[in-house]
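Just below is one structure, and these are the notes that go with it.
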Amino acid sequence: MSHWMRINETGGPDVLTWEERDLNAPGPGEARIRHTAVGVNFTDVHRRRGDHHFPTPIPCCLGLEAAGVVEEVGEGVTEVKVGERVAYAAMPLEAYSDERILTAERLVPLPDSIDDKVAAAAMVKGITVQFLIRQAFRVEPGQVVVFHAAAGGVGLIACQWLKHLGAITIGTVGSEAKAEIARAHGADHVLIHGKDDVAGLARELTAGRGVPVVYDSIGKATFDESIRCLAPRGLLVSFGNVSGHIDPVRLSQVFGNESLFFTWAKMHHYIETREELLCATNDLFEVIGNGAVKIEVNQTYPLQEAARAHADLEARKTTGSSVMIP
């Protein structure tokens with residue numbers, strides 16, 4: 001009998017319930033995966049709570065990423081084979097389960113050098129960093145870039161990867177404690193949100209020109225500052241809005257006399273095809289495998305204790321990444 005962690009209503013961690021279910025055989029193009037590690041992300045918390053920017057269909061399972069072993073494949077599957085270790089970051093939400101069926105083309109074979117826990121913790125955040133710094137804007141050695149929320153899960157991977165590329169990173173954080181964490185993971189200059197002059201340092205390090213790219217997942221609170229950091233023809237890559245949605249703007253007023261670019265970037269648009277998915281994950285596995293990027297899995301929970309994992313995450317008791325083991 002298969003099991004999954006369901007929510008039948010939105011609310012606190014206690015709405016997570018461990019339920020039995022029947023799992024059919026995989027259909028054409030599908031594979032059945034036995035999970036060995038399941039990633040935990042704050043987006044899961046948002047969905048469980050029913051936060052407005054993460055609409056949640058009720059009832060539903062949670063979880064976007066996991067690692068596991070292929071147990072069975074349906075007709076026509078060539079992407080993976082039975083017994084192969086795989087990982088994924090894919091809809092529909094159903095990673096909070098001991099096994100599931102998923103379209104085989106969304107599964108990525110894992111190299112021997114990548115541990116299951118690391119893979120489960122790295123897929124969403126790591127692919128996000130890859131598309132940000134290698135696709136949305138391809139960062140080159142010596143470039144100065146601004147990365148907001150540098151001590152967050154995505155930010156810590158980005159700081160390491162940008163250091164590996166030879167870029168100079170201005171990271172912004174919310175506290176002195178987080179500043180130390182960002183520095184330890186490769187950020188060259190770390191400033192405090194709302195306290196330090198980010199745009200001033202961006203101009204200082206670029207002889208007054210400004211930076212070619214700013215990565216911003218904060219949204220409303222940092223939008224104006226991000227614009228002030230940019231060089232002519234610079235790009236603001238917005239990929240989140242944890243402080244709230246950006247207010248409606250007149251571009252001619254905000255950009256002034258500058259020629260600037262703005263993009264709203266979402267992970268699934270950069271891995272729509274299998275070729276794009278494999279390109280992104282090959283890059284990610286390479287930098288993890290050679291030690292340039294370290295994924296710190298500091299908390300491990302039984303999957304049946306998903307409520308405790310969520311409570312710890314919301315209470316800021318965790319560091320690095322958390323995974324659950326079925």
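Each reported figure results from applying straightforward, stated rules to the coordinates on display, with no laboratory input. Computed from a prediction, not measured in an experiment: that's the story for all the values here. Because the Cβ atoms are built from the backbone with ideal geometry, glycine has one as well, and the counts that use them run over all protein chains shown.
Distances between placed amide hydrogens fall under 5 Å for F262 paired with L236, all partners being 5 or more residues away or on another chain. With contacts taken as Cα pairs under 8 Å and at least 6 residues apart, the range 177-326 reaches a relative contact order of 14 percent. Consider a paramagnetic label point 7 Å from the Cα of V249 along Cα→Cβ; state which residues of the range 258-283 have an amide N under 20 Å from it. Correct set: 258-266. Near the amide H of A66, within less than 5 Å, lie the amide hydrogens of G39, Y88, all on another chain or at least 5 residues away, with H placed in the peptide plane. Using the Cβ-Cβ distance between M91 and R138 with R0 set to 25 Å, the FRET efficiency works out to roughly 0.40. Computed from phi, the 3J(HN,Hα) profile of the range 255-262 under the Karplus parametrisation 6.51, -1.76, 1.60 (θ = phi - 60°) reads 7, x, 8, 8, 9, 10, 10, 9 Hz, with x in place of Gly and Pro.
Name the residues of the range 296-326 whose amide N is less than 17 Å from a point 7 angstrom out from the Cα of S113 along the C-beta direction? Under 17 Å, as judged by backbone N against the label point of S113, lie 296 of the range 296-326.
For the pair the range 124-190 / the range 213-249, the C-alpha centres are spaced 15 Å from each other.
Round to the nearest 0.05 the FRET efficiency obtained for T318 and N257 when R0 = 45 Å and r is the Cβ-Cβ distance.
On the way: r = 45 Å, r/R0 = 1.00.
The pair T318/N257 has a calculated efficiency of 0.50.
Cβ crowding within 10 Å ranks R203, R48, R250, R138 as R250, R138, R203, R48, fewest other Cβ atoms first.
Note on the range 98-116 and the range 11-50: Cα centroid distance 15 Å, given to the nearest whole angstrom.
By the count of neighbouring beta-carbon atoms within 10 Å, fewest first, R100, R316, R106 end up ordered R316, R106, R100. For I168, the residues whose amide H sits under 5 Å from its own are G142, Q143, V144, V145, ignoring neighbours fewer than 5 places away on the same chain, with H placed 1.01 Å from N. Only Cα pairs within less than 10 Å get springs; with that Gaussian network setup on the chain, which residue of D98, D44, D247 has the largest fluctuation? Comparing D98, D44, D247 in the GNM, the peak value goes to D247. Which of rounded, prolate, oblate describes the range 76-157, given a ≥ b ≥ c as roots of the alpha-carbon gyration tensor eigenvalues and a/c under 1.5 marking rounded, otherwise prolate only if a/b is larger than b/c? Here the range 76-157 falls in the prolate category. Each residue of the range 239-250 is assigned a 3J(HN,Hα), and the resulting list reads 9, x, 8, 5, 8, x, 5, 4, 5, x, 9, 8 Hz, derived from the Karplus form 6.51 cos²θ - 1.76 cosθ + 1.60 (θ = phi - 60°), x at Gly and Pro.
Between G152, G76, G126, the residue with the greatest mean-square fluctuation in the GNM of the chain (Cα pairs under 10 Å linked by springs) is G76.
Bridgeable lysines around K195 (alpha carbons under 22 Å apart, same-chain partners fewer than 8 residues away excluded): K178, K220. Shape analysis of the range 141-264 based on the Cα gyration tensor places the equivalent ellipsoid semi-axes at 22, 17, 12 Å, largest first. Per-residue Karplus couplings for the range 98-110, computed as 6.51 cos²θ - 1.76 cosθ + 1.60 with θ equal to phi - 60°, are listed in order as 7, 7, 7, 10, 9, 4, 5, 5, 8, 8, 10, x, 9 Hz, Gly and Pro entered as x. Between the labelled values (1) 36, 26, 21; (2) 36, 21, 18; (3) 32, 23, 18, the entry that holds semi-axes √(5λ) of the Cα gyration tensor in Å as derived from this structure is (2). Among L102, L205, L303, the largest mean-square fluctuation in a Gaussian network model of the chain (Cα springs under 10 Å) belongs to L205.
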